[in-house]
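**Q** Can you read through this structure? Questions will come right after.
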Amino acid sequence: MQPIIITGGPGAGKTTLLKALSRKGYLTFPEVSRTLIQQQASLDSGVLPWTNLPAFAELCLEVMSEQRRLAKKGAMPAFVDRAIPDICAYLTVGGETVSQHYLDAAAGYASRVFFCAPHEAIYQKDDERPHSFIEAQAIHEQLIMTYEALNYEVMQVPWGSVEQRACWILARL
């Protein structure tokens with residue numbers, strides 16, 4: 001099975017939604033970029049997206065490729081919190097060139113992608129999420145444009161309780 005992507009701008013409740021899907025017995029994979037930022041920030045010469053976006057994108061590509069490989073091994077649907085097409089969008093937002101190897105690597109997921117929009121009521125800046133809410137909304141819009149350009153079907157997850165959102169997604173698999 002192709003991994004199912006849950007994505008959207010920062011502060012959209014994606015991580016909480018994936019935890020709910022995990023509690024329902026689905027295989028889920030955490031957001032790579034947040035984990036890498038935490039790891040890299042603890043290193044003296046760590047690679048961070050706001051200091052070296054191209055190098056950080058390569059780190060994300062490596063880990064996201066492995067997540068996709070592991071997700072495809074399962075017998076039931078697996079969900080990923082962000083995926084390789086997100087790298088393409090973030091490179092675009094950062095004014096970097098999106099090379100062909102990212103575009104090629106962006107394939108291999110379920111064609112329907114579930115988008116969660118940033119929600120001001122839950123949005124919080126932190127060490128891994130330094131964007132303003134307005135910037136989060138702009139990132140969200142770029143993500144949609146990128147996924148559509150890569151021929152994915154964008155499904156906007158309606159706002160509601162975590163349980164409602166999880167059920168909404170599961171009804172559309």
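**Q** Compute a Gaussian network model of the chain, connecting alpha carbons closer than 10 Å, and tell me which residue from 61, 53, 143 fluctuates the most.
**A** In this elastic network of the chain, the residue with the biggest mean-square fluctuation among 61, 53, 143 is 53.
**Q** What accessible area per residue, rounded to a whole number of Å², is obtained for the chain using a probe radius of 1.4 Å?
**A** 49
**Q** With every protein chain kept in the model, how would you rank 101, 140 by accessible area, 1.4 Å probe, largest at the top?
**A** If we order 101, 140 from most to least accessible, we get 101, 140.
**Q** I would also like to ask the following. Given the options 81, 44, 104, state which has the largest fluctuation in a GNM of the chain using a 10 Å cut-off (strictly under) for Cα springs.
**A** Comparing 81, 44, 104 in a Gaussian network model of the chain, the most mobile one is 44.
**Q** For 155, 64, 1, 76, write out the residues from largest to smallest accessible area, computed with a 1.4 angstrom probe and no ligands counted.
**A** On the way: 155 35, 64 5, 1 120, 76 80 Å².
Per-residue accessible area, sorted high to low, gives 1, 76, 155, 64.
**Q** Rank these residues by their accessible area, most exposed first, probe 1.4 Å: 29, 115. Before the final figure, lay out the partial values.
**A** On the way: 29 25, 115 0 Å².
Ranked from most to least accessible, the order is 29, 115.
**Q** If you don't mind, another one. Amide H neighbours of residue 112 under 5 Å, at least 5 residues apart or on other chains, H built in the peptide plane: list them.
**A** Counting only residues 5 or more places away or on other chains, the set is 153.
**Q** Give the accessible area for residue 159 in Å² (nearest 10); use a 1.4 Å probe, count only protein heavy atoms, and leave out ligands, DNA and RNA.
**A** Counting only protein heavy atoms, the figure is 120 Å².
**Q** Another question about this same structure. Net charge within 13 Å of residue 86 by Cβ-Cβ distance, Lys/Arg positive one each and Asp/Glu negative one each, not counting residue 86 itself?
**A** Net charge around residue 86: +2.
**Q** With the cut-off at 1.5 for a/c, could you classify the stretch 1-134 from its C-alpha gyration tensor as rounded, prolate or oblate?
**A** Details: a/c = 1.57, a/b = 1.20, b/c = 1.31.
Oblate, since a/c reaches 1.5 and b/c is not below a/b.
**Q** How many lysine pairs does the chain hold where the Cα atoms are under 21 Å apart and the two sit 8 or more places apart or on different chains?
**A** 8
The values are calculated or read from the model by the stated rules, or taken from the named source; none is laboratory data. Source: prediction; values computed, not measured. Please note: Cβ atoms are built from the backbone with ideal geometry, for glycine as well, and neighbour counts cover all protein chains shown. For the accessible areas, the whole protein counts, side chains as well, though only heavy atoms, and no ligand, DNA or RNA atoms are used. Shrake-Rupley method; radii C 1.70, N 1.55, O 1.52, S 1.80 Å.
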